[in-house]
Amino acid sequence: MSLNTKFFTQFAFFTFILSLIYSAFRVIDNVLYGFDLIKELYFYSGIFGLLYLILSLFFALFKFKYTKQYPKFLGIFCGIWIFMHFFVYFAFSKNLNGLRMFEDITQRPFEASGFIAFVLIFLMFLSSFDFFKKLSKIRKLGYLCLLFASYHYFLSSKIPMFWQYLALSVAVILFVCRYVKSFYQKKF
């Protein structure tokens, strides 16, 4: 591993640590001065999960010389944040009741899109480890997963604003770029 590759890998890990510290600070601030801790946990775990998913897929699509390991590292960081996001949802909104969760997933597009994205991210997360190498083809659905995750974020606000539209737009652009690139690679 070259010096630049090592630097970029350490930089990716450093950003993950910073995201954890920032989220912990926001949670502590909310406990001391706020009133809705669960909403803060939902928000920051979901936002950082979506951000790391976008970055992972961006670096997977545009393979830069020194950032070849980024998709894997960023994908693992995304998986950690999304597991936290799902745990907060399942534990605090559904009280660890699988039947209530199933009812909501089948009846609400907001929760269905989030659950589909979670399942895809979970499978992609597993495929990052040697024991589950047979699942590696699931990574091709990463851009579809990004569409579901961005749509989930879009539906999360009552009135979508700039950030929701931006996340959805980035997801569509990356999705189109990936499959246009794939089409041209097969054609020529």
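The values are calculated or read from the model by the stated rules, or taken from the named source; none is laboratory data. Note that the coordinates shown come from a computational prediction; the quantities given were computed from them, not determined experimentally. Virtual Cβ from ideal backbone geometry, glycine too; neighbours counted across all protein chains shown. Note: accessible area is taken over every heavy atom of the protein model, side chains too, but ligands, DNA and RNA are not part of it. Shrake-Rupley method; radii C 1.70, N 1.55, O 1.52, S 1.80 Å.
Side notes on the structure shown:
- Across the alpha-carbon set of the stretch 1-74, the Rg to Rh ratio works out to 1.12, Rh being the Kirkwood radius.
- Kirkwood hydrodynamic radius (C-alpha pairs) into Stokes-Einstein, the stretch 62-113, 20 °C and 1.002 mPa s, D in µm²/s: 164
- Residues in the stretch 168-175 carry Karplus couplings, in order, of 5, 5, 4, 4, 5, 4, 5, 4 Hz; the curve used is 6.51 cos²θ - 1.76 cosθ + 1.60 with θ = phi - 60°, and Gly or Pro positions show x.
- Note that the stretch 34-188 presents 61 Å² accessible area per residue, ligands and nucleic acids not counted, probe 1.4 Å.
- For the stretch 76-188, a crude dipole built from +1 on the beta carbon of Lys and Arg and -1 on the beta carbon of Asp and Glu, taken about the Cα centre, is about 560 debye to the nearest 20.
- Debye-sum result for the stretch 99-146 in log10 I(q)/I(0), which assumes one identical scatterer on each alpha carbon, at q = 0.23 Å⁻¹: -0.76
- For the peptides 137-144, 30-37, the ranking by packing is 137-144, 30-37, with the highest mean count of neighbouring Cβ atoms within 10 Å listed first.
- If you look at the Cα atoms of the chain, you get an Rg and a Dmax of 17.3, 60 Å.
- Most mobile listed residue (CYS177, CYS145, CYS78) in the chain, GNM with C-alpha springs under 10 Å: CYS177
- For the stretch 69-170: rounded, prolate or oblate by the Cα gyration tensor [a/c cutoff 1.5]: oblate
- Relative contact order (percent, whole number), the chain, Cα cutoff 8 Å, 6+ residue spacing: 17
- As a size descriptor, the averaged projected area of the C-alpha convex hull of the stretch 22-133 was calculated at 8.7 nm².
- Our helix-only sum for the chain, with -39,500 (n - 2.57) per DSSP H run of n ≥ 4 divided by its residues, gives a mean residue ellipticity at 222 nm of -26500 deg cm²/dmol.
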